[in-house]
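Q: Before I ask anything, let me first share the structure, which is written out below as C-alpha cells.
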Amino acid sequence: PDEPYIYRFIWPYSDSYAGPPAPPWTRSRAPKSLRRGMAEVQPRSPRHPYDPYDFVADQSLQSKLNEFAYWYQFTEFAALPGLVRFRRLHELAMRLRLLSEATIEEIRSVMRHAAEARREAA
C-alpha cells in the first residue's frame, strides 16, 4: 500500500524490529552515562524530531500520523526502488490486471540493480 495506509501494516507487525508485539526489553535504552560516553567515539548524527520507540508503543494512527510519516522514510518500503504502490484494493486489482510482461521485466530490472548496489555497498 501507499502512504498513509501502509502505516497500518508496517509497525503493528514489526516485532522483530522492537515493534508493539516484541518483548519490552527490545525497546530498552542504554543508561545515560553510557550514551554520553559513546557520543565521544561515535560520529555526530542529526537528532530526530521524534523518539524512535514512542511511536511504535502507541498505534493510534490519528495521534501519531506525523511520527509514522517521519519514520516511514527510513523503511525499505520507502527506500527501495521498483515497489508498486496502491491506495485501494480495487486499484491493486486493476494494476495487476493491466500488468504487462514488459512492465514486470522493468520492475525486476530496477529491483535487481538496487539489490546489486546494496550488495556492493555492504
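The values are calculated or read from the model by the stated rules, or taken from the named source; none is laboratory data. As the structure is a computational prediction, the values presented were derived from the model and not from experiment. Reconstructed Cβ throughout: ideal geometry from the backbone, glycine too, with neighbour counts over all protein chains shown. When the accessible area is computed, the model is the full protein with side chains, heavy atoms only, and any ligands, DNA or RNA have been set aside. Shrake-Rupley method; radii C 1.70, N 1.55, O 1.52, S 1.80 Å.
Q: Given the whole protein assembly as supplied and a 1.4 Å probe, what does the accessible area of His90 come to in Å², nearest 10?
A: Ignoring ligands and nucleic acids, His90 comes out at about 140 Å².
Q: Something else about it: So what's the angle, to the nearest 10 degrees on a 0 to 90 scale, between helix 32-41 and the longest Cα principal axis of the chain?
A: 70 degrees
Q: I need the peptides 4-10, 72-78, 101-107 ranked by packing, meaning the mean over residues of other C-beta atoms within 10 angstrom, with the highest value on top.
A: For the peptides 4-10, 72-78, 101-107, the packing ranking is 4-10, 72-78, 101-107.
Q: Using Cα atoms only, what is the angle between the long axis of helix 101-121 and the major principal axis of the chain, expressed in degrees (0 to 90) to the nearest 10?
A: Once rounded, the angle reads 30 degrees.
Q: Tell me, what is the FRET efficiency for Ala69 and Arg36 to the nearest 0.05, using R0 = 25 angstrom and their Cβ-Cβ distance as r? Intermediate results must be reported in sequence, preceding the final value.
A: On the way: r = 31 Å, r/R0 = 1.22.
That gives a FRET efficiency of 0.25.
Q: Then there's this: What is the sum of charges around Leu96, taking Lys and Arg as +1, Asp and Glu as -1, for the other residues whose C-beta is under 14 Å from the C-beta of Leu96?
A: Here the charged neighbours net out to +2.
Q: Grab the beta carbon distance between Asp54 and Phe77, set R0 = 22 Å, and tell me the FRET efficiency rounded to 0.05.
A: 0.60
Q: Could you look at the stretch 64-109 and say what percent of its accessible area is carbon and sulfur, using a 1.4 Å probe and all protein chains?
A: Numbers: 2030 of 3390 Å².
In the stretch 64-109, the share of accessible area belonging to carbon and sulfur is 60 percent.
Q: Taking only protein heavy atoms into account and a 1.4 Å probe, give the accessible area per residue of the chain in Å².
A: On the way: 9480 Å² over 122 residues.
The answer is 78 Å² per residue.
Q: With runs of 4+ DSSP H residues as the only contributors, calculate the mean residue ellipticity of the chain at 222 nm using -39,500 (n - 2.57) per run, divided by the residue total and rounded to the nearest 500. All intermediate terms of the calculation are to be shown ahead of the outcome.
A: Values: 7 runs with 65 residues, N = 122.
Value at 222 nm, helices only, nearest 500: -15000 deg cm²/dmol.
Q: Still on this structure: Give me the number: length gained by fully extending Leu89 to Gln62, i.e. 0.36 nm times residue separation minus the C-alpha to C-alpha distance, one decimal in nm.
A: Contour length minus Cα-Cα distance gives 7.6 nm.
Q: Next question, about the same structure. Using a/c under 1.5 as the rounded threshold, could you call the chain rounded, prolate or oblate? The axes a ≥ b ≥ c are square roots of the C-alpha gyration tensor eigenvalues, and prolate needs a/b larger than b/c, oblate otherwise. Working shown, then result.
A: Numbers: a/c = 2.83, a/b = 1.58, b/c = 1.79.
It comes out oblate by the Cα gyration axes.
Q: Helix 61-72 versus the longest principal axis of the chain: what is the Cα-based angle in degrees, 0 to 90, to the nearest 10?
A: 80 degrees
Q: How much accessible surface area, in Å² rounded to 10, belongs to the heavy atoms of Val84 with a 1.4 Å probe?
A: The accessible area comes out at roughly 80 Å².
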